[in-house]
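Chemist: Can you read through this structure? Questions will come right after.
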Amino acid sequence: MLLRMIIIGELINSSISDINRLMQEKDEHCIQQIALAQVERGVNYLDVNAGTFIHQEEEYLKWLVQTIQAVTQVPLALDSPSPAVIEKALEVYEGTPMINSITAEEDKYQKLLPLVKGYRAKVIGLCLNGAGMPETAKERLTIAYKLINDLDKDGIPLEDVFIDPLLKPISVSGQYGLQVLDTIGGIAGWNSGVHITCGLGNISFGMPRPNLLNQAFLAMALCAGADTAIVNPFDDYLMSIIKAAEVLLSRDPYGREFIKAAREKKLV
């Protein structure tokens, strides 16, 4: 079966200063326009994050959900480390959501599992287990294996699971990109049916020309077996790389979508 790239738009995040200001001002129109602009660029999900509002995260995440769902039915990825915040956001959510993210940490897993099942949510499984940030591909694969097996055993369809190997900045260690590529290849080799994703911007944090690094890493990740990523859909080169990679990886039969995008002058 051909798996087309699943694109998660990253731009509605309170860590972005302009978005933070719009959220504080409760500027519904501007937030809606940013959501719709990402949809126009072809995203399949909109990530929504209010994490910088530590004591008001629940209020702002619910506001984002209601504000965006008033103008688009493109599903949202509810992005929070707090199961309680995600639960409150789900209470005002309409449709099938994505939860970002569950981990192999026992307490968090047990709190989020009923929400994933109860709302039939898609879920990002982050390679964390409570023992600290994984450093090697082997550690990531061990966590991914446990997450996949636990979610499968607990009745979550594996096609609804998106494993995130936890991409870390190469400004900290030049090995981090290679470790995640090895992890992606390992997970893809299991043929379990799960999706493989990553927060693409993490790789370039603290480096010059971050877009260039993100673009190069995305091409490598897709070749290794990833089929989704959390990205900036206004990066024209990156979006063109996705179109080109789908042809080269036989995900776009006869390059129909690539040809269509070229004719519409949507490729860089």
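Chemist: Could you work out the Kirkwood radius for the chain, taking every pair of different alpha carbons, averaging 1/r and inverting it, reported in Å?
Modeler: Hydrodynamic radius (Kirkwood, Cα pairs) of the chain is 18.9 Å.
Chemist: What is the antiparallel percent of DSSP beta bridges lying wholly in region 6-234, to the nearest 5?
Modeler: In region 6-234, DSSP labels about 0 percent of beta bridges as antiparallel.
Chemist: Separate question: Using the Cα centre of the chain as origin and beta-carbon charges of +1 (Lys, Arg) and -1 (Asp, Glu), tell me which of Leu212, Pro97, Tyr109 is placed farthest towards the positive end of the dipole.
Modeler: Of Leu212, Pro97, Tyr109, it is Leu212.
Chemist: OK, next. What's the longest bit of the chain with no exposed trypsin sites (Lys or Arg not before Pro), using DSSP loop states and at most 16 other Cβ atoms within 10 Å as the test?
Modeler: 121-250
Chemist: Give the cross-link partners of Lys243 among the aspartates and glutamates, using a straight C-alpha distance below 17 Å as the criterion and excluding same-chain residues fewer than 8 apart.
Modeler: In chain and number order, the partners are Glu40, Asp227, Asp235, Asp252, Glu257, Glu264.
Chemist: Could you pull out the pairs from Lys122/Lys153; Lys111/Lys146; Lys117/Lys153; Lys62/Lys168; Lys108/Lys146 whose alpha carbons sit more than 23 Å apart here?
Modeler: From the list (Lys122/Lys153; Lys111/Lys146; Lys117/Lys153; Lys62/Lys168; Lys108/Lys146), the Cα-Cα distance tops 23 Å for Lys62/Lys168.
Chemist: Using a Gaussian network model on the chain with a 10 Å cutoff between Cα atoms, which of Ala144, Ala84, Ala188 fluctuates the most?
Modeler: Among Ala144, Ala84, Ala188, the largest mean-square fluctuation in the Gaussian network model of the chain belongs to Ala84.
Chemist: Which value, in debye to the nearest 20, gives the size of the charge dipole of region 184-268 about its Cα centre, when Lys and Arg are +1 and Asp and Glu are -1 at the Cβ?
Modeler: Roughly 220 debye for region 184-268.
Chemist: Please report, ordered by residue number, every helix of the chain (full DSSP H runs) that is 15 Å or longer along its axis going by C-alpha atoms and whose mean Kyte-Doolittle hydropathy reaches 1.0.
Modeler: 210-224, 236-248
Chemist: Follow-up. Within a Cβ distance under 12 Å of Gly95, other residues only, what is the Lys/Arg minus Asp/Glu net charge?
Modeler: +1
Chemist: Counting other beta carbons within 10 Å of each residue's own, what order do Ser15, Ser171, Ser101, Ser80 fall into, fewest first?
Modeler: Fewest to most other Cβ atoms nearby, the residues stand as Ser15, Ser171, Ser80, Ser101.
Chemist: Let me ask you something else. For Tyr60, Tyr176, which order do you get if you count the other beta carbons within 10 Å of each Cβ and list the fewest first?
Modeler: Tyr176, Tyr60
Chemist: A follow-up question, please. Sum up the charges of everything whose Cβ sits under 9 Å from the Cβ of His195, counting Lys and Arg as +1 and Asp and Glu as -1, but leave His195 out.
Modeler: Local net charge: -2.
Values quoted throughout were computed directly from the atomic coordinates according to the rules given, and no laboratory measurement underlies them. Owing to the predicted nature of the structure, the values given are computational and were not obtained by experimental measurement. No Cβ is skipped: glycine too gets one built from the backbone with ideal geometry, and neighbour counts run over all protein chains shown.
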